[in-house]
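Following: one structure in structure tokens, then a few remarks.
Nothing in this text is a laboratory measurement; each read-out follows from the coordinates by a stated rule. Just so it is clear, the structure is predicted and the values come from calculations on it, not from any experiment. Methodologically, a virtual Cβ is constructed for each residue, glycine included, from the backbone with ideal geometry; neighbour enumeration extends over all protein chains shown.
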Amino acid sequence: MLHPEERSSPGPVDGDYTGNAGIAVSDIRFFYDASDSSGADRFSLHLPRLEISPGERVAIIGPSGCGKTTLLSLLTGILVPQSGHVVVAGTEISRLADSERRRFRITRMGLVFQSLALVEYLDVFDNILHAYRITSALRIDEAVRSRARSLASDLGLEGKLHRPVGALSQGERQRVAIGRALLSKPEVLLADEATGNLDPANKGRILDLLFAQLERDRSTLVAVTHDHELLPRFDRVVDFREICET
Amino acid sequence: MIDSFYLATRYLLFHRVRSLTVVACLVLVTALPIGLDRILEESEQQLMARAATTPLLLGSKGSSLDLVMSTVYFGGQTPDPISLAEIERIEETDLAYAIPIQMGFFARGAPIVGTTVDYFDYRALSLAKGRSFAILGESVLGSGAARRLGLGPGDSLTSSPESFFDLAGAYPLKTKVVGVLAPSGTPDDLAVFVDLKTAWVMQGIGHGHQDLTRVQDPTLVIDRDANNVVASAKVVEYQEITESNRDSFHFHGEPSSYPVSAAIIVPDDDRAGTLLLGRFVDGSLGGQLIRPRAIVGELMNTIFRIKEVLDLAVVIVGTAAVLALSLVFALSFRLREQELQTNFEIGASRGTTARLLAAEIMLLGGASTVCVVLVLVVLDRFSAAIVRGLFVT
């Protein structure tokens with residue numbers, strides 16, 4: 001592992017991988033169209049090795065098209081590599097069945113999408129609770145509702161719980177997306193350009209809120225970003241430029 | 001826990017205009033044919049019930065349907081009159097008795113029916129208030145007419161002039177309301193009944209005025225001899241029949257030539273009825289004698305043939321509506337692609353999407369079913385009144 005603010009590239013495979021880290025990726029190869037393995041244009045990502053410790057905050061940077069978002073999809077199990085291993089919190093999710101991967105994702109991971117992907121017909125409170133409403137793996141009880149209210153309060157949304165998300169500013173919508181990702185106290189939070197559309201003041205505030213929550217829940221953060229001003233705030237920065245060049 | 005119904009409810013409420021439109025379409029497509037069936041069923045029931053209790057109807061030659069609609073249901077055009085003599089000829093056969101009906105006048109929109117007290121007995125109409133008409137110038141109101149006009153025994157009701165533009169037409173006649181009938185659920189509820197002679201007074205056949213043998217004003221009399229006095233147009237006819245002027249009312253001409261719109265003919269038995277019908281076929285009696293049940297039966301057959309075409313139209317429109325709704329759902333599904341993809345990425349199963357959409361369809365279907373049931377309950381409650389409104393003007 002590199003020191004905070006130190007930049008690294010995904011390293012080579014180093015013997016058998018044991019999977020003790022928060023996140024461990026070894027020698028994954030992913031093609032968008034697996035049936036067409038002959039065409040070089042189809043190759044999307046080859047990542048020899050990446051280890052992220054529990055509670056570590058890692059930023060992933062690099063030019064567009066290098067596979068940063070694809071990596072997040074592989075880490076969440078939305079995509080499955082054609083070869084290699086993806087281990088998250090001790091579970092090799094690339095070996096799990098589809099339903100098990102979904103269950104793992106919704107119970108142990110939090111996702112903040114680049115587009116935020118809020119549900120426009122729900123209010124702030126229901127958006128924060130949304131993951132609980134679309135799966136049988138999570139149960140809404142008073143403790144969950146209370147935590148949702150508390151999260152909303154911590155994120156500065158306490159007076160807007162029953163406002164439709166369409167009536168919120170971009171910064172407020174971003175906070176709702178973070179609230180939704182954090183509600184289940186995920187072991188790993190994956191964020192794709194979570195502050196992409198915000199002004200500098202709001203970016204700092206959103207990151208403060210995010211880091212405070214992660215600190216409280218001792219969660220690991222993997223964030224894809226293009227914003228180099230934010231990099232000093234992460235424990236480690238992984239640069240995908242090298243992958244892109246290879 | 002998957003809150004499919006909660007999310008579906010929130011979605012439908014958020015898009016409430018679209019949801020209401022879908023529900024309205026479903027209600028229309030479902031309730032329209034059922035409601036139409038119910039109205040037709042009620043129409044048939046009411047029309048046939050009334051027709052069935054009118055064994056034979058005597059009237060002038062012409063449209064038998066107009067004759068039935070006017071004198072049995074008190075709607076439509078008043079038929080040409082027959083003379084009282086034609087009714088007398090029927091009674092002279094000793095095969096039936098007749099109840100005359102004189103139509104053509106209205107009082108504040110209610111049809112005035114000139115008849116005899118036999119009509120009430122024959123139709124089994126009972127009085128809720130007051131008494132039946134007994135002397136010239138009295139009227140009895142149907143329950144609906146009394147309620148609509150706000151009148152009861154002791155009030156007065158004036159017939160409408162025949163035409164505002166016919167200066168030579170009959171004068172309006174003020175009648176005294178002496179009774180109100182109990183509701184019967186038939187066109188009788190909406191009518192005003194007067195004695196046949198009162199109806200003739202309204203028509204101008206009978207009238208009352210000052211005694212011309214005693215008047216001093218020479219301009220009131222055109223010619224006078226020992227047996228006859230010819231009045232001028234200056235003589236004013238009484239427009240209300242009172243105790244003091246009742247005796248002055250009189251009729252001109254031969255009573256057997258007085259007009260009636262129709263007569264309900266009640267034969268002694270089926271054989272008598274058949275014999276009477278035979279005499280109209282061979283032309284030995286004037287006018288036409290018809291069986292209202294047969295006429296209404298033909299009308300209903302025509303209506304049901306038209307309904308078959310309407311049913312086909314409803315099926316076509318219904319199919320188009322279902323296709324349009326499917327398109328709305330498909331487009332809505334496409335618009336929600338990102339939301340559904342997000343659900344999947346968060347960790348929801350593909351089945352969650354199906355459950356969400358099924359919940360929405362069930363909620364829309366449920367709301368539509370409730371609305372259809374409400375519409376049908378209301379229709380069922382008011383179908384009798386609606387049908388009466390359609391066929392009785």
Averaging 1/r across every pair of distinct alpha carbons in the stretch B:1-135 and inverting yields a Kirkwood hydrodynamic radius, in angstrom, of 19.9 Å
Inside 10 Å of the C-beta atoms of A:94-103, what's the mean count of C-beta atoms belonging to other chains?
2
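What number comes out for the charge environment of A:THR69, summing +1 per Lys or Arg and -1 per Asp or Glu over other residues with Cβ under 13 Å away?
Details: positive: A:LYS68; negative: A:ASP192, A:GLU193, B:GLU345.
Around A:THR69, the surrounding residues sum to -2.
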Solvent-free Debye scattering, log10 I(q)/I(0), computed from the Cα coordinates of the stretch B:308-375 at q = 0.18 Å⁻¹:
-0.84
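Could you work out Rg/(2.2 N^0.38 Å) for chain B, with Rg from alpha carbons only?
On the way: Rg = 31.1 Å, N = 393, 2.2 N^0.38 = 21.3 Å.
Expressed relative to 2.2 N^0.38 Å, the Cα Rg reads 1.46.
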For the stretch B:239-393, what D do you get in µm² per second when you plug the Kirkwood radius from alpha-carbon pairs into Stokes-Einstein at 25 °C and 0.890 mPa s?
102 µm²/s
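Can you give the convex hull volume per residue for the Cα atoms of the stretch B:309-348, as a whole number of Å³?
Numbers: hull volume 1.7 nm³, N = 40.
Convex hull volume per residue, Cα atoms: 43 Å³.
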Hey, got the average number of other protein chain Cβ atoms within 10 angstrom for residues in A:131-140?
6
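Percentage of Cα-Cα pair distances in the protein assembly as shown greater than 47 Å, rounded to whole percent? Write out the running numbers ahead of the final one.
Working: 103301 of 203841 pairs.
Cα-Cα pairs in the protein assembly as shown separated by more than 47 Å: 51 percent.
Can you give the mean number of other chain Cβ atoms that lie within 10 Å of the Cβ atoms in peptide B:17-23?
Numbers: counts 0, 0, 0, 0, 0, 0, 0.
Shielding by partners across B:17-23 averages 0.
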³J(HN,Hα) across the stretch B:8-23 via Karplus (A = 6.51, B = -1.76, C = 1.60, θ = phi - 60°), whole Hz, x for Gly/Pro?
5, 5, 4, 5, 5, 5, 5, 9, 5, 5, 4, 5, 5, 5, 4, 4
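Provide, as a two-decimal number, the C-alpha radius of gyration of the stretch A:72-193 over 2.2 N^0.38 Å, N being how many residues it has. Walk me through the numbers before you get to the answer.
Working: Rg = 15.0 Å, N = 122, 2.2 N^0.38 = 13.7 Å.
It is 1.10.
Using only the alpha carbon atoms of the stretch B:245-306, find the Kirkwood hydrodynamic radius as the inverse mean reciprocal pair distance, in angstroms to one decimal.
Values: mean 1/r = 0.0658 Å⁻¹.
For the stretch B:245-306, the Kirkwood estimate is 15.2 Å.
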How much space per residue, in cubic angstrom, does the convex hull of the C-alpha atoms of the stretch A:6-245 take up?
130 Å³
Cα-Cα pairs above 19 Å in the stretch B:176-304: how many percent?
71 percent
Given bins 5 angstrom wide, list per bin the percent of all Cα-Cα distances in the stretch B:267-338, short to long.
4, 12, 10, 10, 8, 8, 7, 6, 6, 6, 5, 4, 4, 4, 3, 2, 1, 0
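Fewest to most neighbouring Cβ within 10 Å: what's the order for B:PHE304, B:PHE249?
Working: B:PHE304 13, B:PHE249 18.
If I rank by nearby Cβ atoms, fewest first, I get B:PHE304, B:PHE249.
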